[in-house]
Amino acid sequence: MELEILHQGFTFHWRNAEGETVEVGFDLASGGHWYGGAELVRQHWPLETLRWEMAPYIVTDNGPTGLGNVLHPMWTTSSGAAIAVDPLLAIDVGLNAPYEVPPPREWPMGIGNSSPILFPLVDTEGEGDGRLRLRGQGELNYNLLIRDNPAGAQQSFLDTLAKPHRTPPAIMFEAPIWTTWARYKMSINQKWVLQFADEIVAHDFPHSLMEIDDKWSSGYGELEFDPVKFPNPKAMVARLHELGFLVTLWVMPFAVEGTAAFEEGRQRGYWVKNSAGEPGFFRWWQGQGVALDVTNEEAVEWYLARLRSLQARYSIDGFKFDAGEPCFLPENFRTALPITPNEYTTLWVERIAAQFPLLEVRSAYCNQHLPIVVREWDRYSTWGLDNGLQSIVTSALTLGVLGYPFILPDMIGGNGYGEHRPNKELMIRWAQANALMPAMQFSIAPWDFDEETAWLCHRAVQWHSQALPTILRLAEEATQSGYPIVRPLFWLAPDDAETYAIGDQFALGQEMIVAPVMQEGARARDLYLPAGLWRDVLRGDIVEGGRWLRGYPAGLEHLPWFEKVKT
């Protein structure tokens with residue numbers, strides 16, 4: 001082991017001359033509360049309450065250990081420590097891993113969670129091992145930074161990152177994004193898109209983008225409208241522009257056999273290959289496919305040229321970049337240039353998605369320097385941390401401390417998968433919880449419930465507009481600092497231990513605190529305000545902080561939202 005002394009920290013270099021595994025462990029209890037690491041299917045905040053099975057640390061779509069689409073190997077503690085592992089190393093990670101685990105499993109590429117409602121082991125009952133374990137093959141390098149409190153620890157990590165050179169387009173923050181997915185799924189067509197837009201305008205809802213989601217194209221991998229479902233896409237886009245929408249399309253790096261795109265890419269060697277040097281097929285949520293080789297510069301230019309041609313033909317404004325996780329790559333995959341699995345995500349975002357100003361991504365790894373809007377993974381229409389309403393706050397907090405300030409908390413009300421459809425109350429509370437986050441996105445229409453739901457969701461959009469100057473200022477500041485827009489309460493009170501385990505409230509910058517109601521049937525909630533005087537923005541009441549407010553009234557029409565009183 002080699003040790004380097006840093007300013008307020010250390011760098012550890014562990015080597016094994018035989019190439020065998022190197023493992024280190026950190027006692028969770030000695031660090032207090034833990035944060036960071038990954039977007040998870042069940043996003044706990046703080047982390048020590050979960051059970052994270054020891055497994056490869058790979059950007060994953062609903063993975064079997066709960067790993068999600070945005071990762072960075074960095075963990076901080078409430079005691080003021082930050083552990084940042086070299087992100088270019090392939091490692092295994094476990095955190096409070098369960099003692100009782102299934103029989104030993106292999107973890108090849110191409111492994112995913114086949115059921116959208118099958119949860120991993122993160123909530124396994126029983127005792128965990130009480131450690132953060134990091135394992136490398138032959139080497140393990142990490143920085144250990146020491147600060148006085150949890151906010152200082154997170155800031156010390158963020159200070160090491162390159163910063164985005166600009167913010168995403170302001171329009172993505174200014175008014176809600178509307179997407180076809182949750183309302184129409186794959187039955188989308190030109191008629192439904194235009195009808196949806198007319199309904200949005202008729203109900204006087206603000207709007208920025210119309211996002212045409214999955215199944216608009218003639219085949220997966222093709223970048224052309226289905227001529228049956230979309231007989232005149234140019235006229236459709238022109239009409240959407242007249243109504244005040246920018247238009248984006250759903251795209252991903254996959255192609256399926258039988259399409260012209262697949263065949264052209266096969267002939268030119270543009271797809272990731274299997275160990276035999278052939279196009280590497282894998283299973284994804286629409287069957288069998290192949291993935292673009294993002295290390296092949298010719299393949300990247302080919303894909304970009306096709307996207308730009310699509311834009312030019314139909315006046316498309318931008319794209320929703322889906323997928324990009326290496327969990328979909330074939331086992332023992334081969335690319336033009338050798339990469340670790342997570343570098344696939346890095347290059348997908350950097351070389352493809354970030355080439356367009358108007359974009360959103362759902363996967364990221366070492367992409368903090370890019371001006372990208374990062375969407376939280378597809379939410380279920382449920383209330384809890386089971387990828388439901390409560391998890392949009394814990395995920396926003398996690399993404400922020402991992403260095404991604406420009407957050408889109410997926411669709412208000414969730415995706416309506418399976419038998420889980422949002423009811424009126426969930427829809428309203430979701431809109432309220434999302435109102436003071438950087439961006440809002442609707443798909444399930446509030447007016448499909450009743451007039452009160454439409455009115456209260458519209459009111460939540462107005463609250464977003466009220467907070468917009470603060471959001472835009474914080475977004476601009478993030479280009480210099482990298483600091484989150486949505487922050488843990490302890491960023492406002494770094495030495496107040498009461499704030500360290502609060503995952504159902506958030507701060508907007510240093511001036512506002514939001515305590516959304518996220519329990520079904522609740523018309524009041526307990527909330528905490530740090531020391532100082534706070535004004536209930538919607539009621540006007542002045543409240544003294546430094547204490548818990550028990551049973552704070554919050555009827556269905558109310559969002560507990562506080563602004564610090566300047567003295």
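Observations on the structure shown:
- Two-site FRET efficiency, Ile542 against Glu498, from Cβ-Cβ distance with R₀ of 30 Å, rounded to 0.05: 0.90
- Each residue of segment 405-412 was assigned a 3J(HN,Hα) from its phi angle through the Karplus curve 6.51 cos²θ - 1.76 cosθ + 1.60 (θ = phi - 60°); the sequence is x, 8, 9, 10, x, 6, 8, 5 Hz, with glycine and proline shown as x.
- All-pairs alpha carbon distance profile, the chain, 20 Å steps from 0, percent: 21, 56, 22, 1
- Overall dimensions of segment 10-98 as given by Cα atoms, namely Rg and Dmax in Å: 13.2, 38
- For Leu408, residues with placed amide H under 5 Å, excluding near neighbours: Val374, Arg375, Glu376
- Greater than 29 Å apart at Cα, pairs in Lys163/Lys273; Lys191/Lys424; Lys320/Lys566: Lys163/Lys273; Lys320/Lys566
- When only alpha carbons are used to place a centre, segment 257-283 and segment 473-502 end up 45 Å from one another.
- Theoretical ellipticity at 222 nm over the chain - DSSP helices of four or more residues, -39500 (n - 2.57) apiece, nearest 500: -7000 deg cm²/dmol
- Multiplying the residue separation of His203 and Leu304 by 0.36 nm and subtracting their alpha-carbon distance yields 32.7 nm.
- Amide H contacts of Ala364: Val70, Leu71, each under 5 Å away and 5 or more positions distant or on a separate chain (H built 1.01 Å from N in the peptide plane; Pro and chain starts excluded).
- Computed from the C-beta positions of Gln462 and Gln267, the FRET efficiency with R₀ = 51 Å rounds to 0.40.
- Stretch gain in nm, segment Glu174-Leu243, where the contour uses 0.36 nm per residue and the Cα spacing is subtracted: 23.2 nm
- When both segment 310-388 and segment 35-89 are represented by their alpha-carbon centers, they are found 18 Å apart.
- This ranking places Glu2, Glu376 by how few other beta-carbon atoms lie within 10 Å of each, fewest first, which gives Glu2, Glu376.
- At 0.692 mPa s and 37 °C, Stokes D of segment 184-306 from Kirkwood alpha-carbon radius, µm² per second: 204 µm²/s
- Residue exposure proxy: Ser187, Ser381, ordered by other Cβ atoms within 10 angstrom of their Cβ from fewest to most, comes out as Ser187, Ser381.
- Viscosity 0.890 mPa s, 25 °C: Kirkwood-radius Stokes-Einstein D of segment 487-564 over Cα pairs, µm²/s: 197 µm²/s
Taken together, the values in this text are just the output of simple stated rules run on the coordinates, not laboratory data. Since the model is a prediction, treat every value here as computed from it, not as a measurement. With ideal geometry, Cβ positions are generated from the backbone for all residues, glycine too; neighbour counts draw on all protein chains shown.
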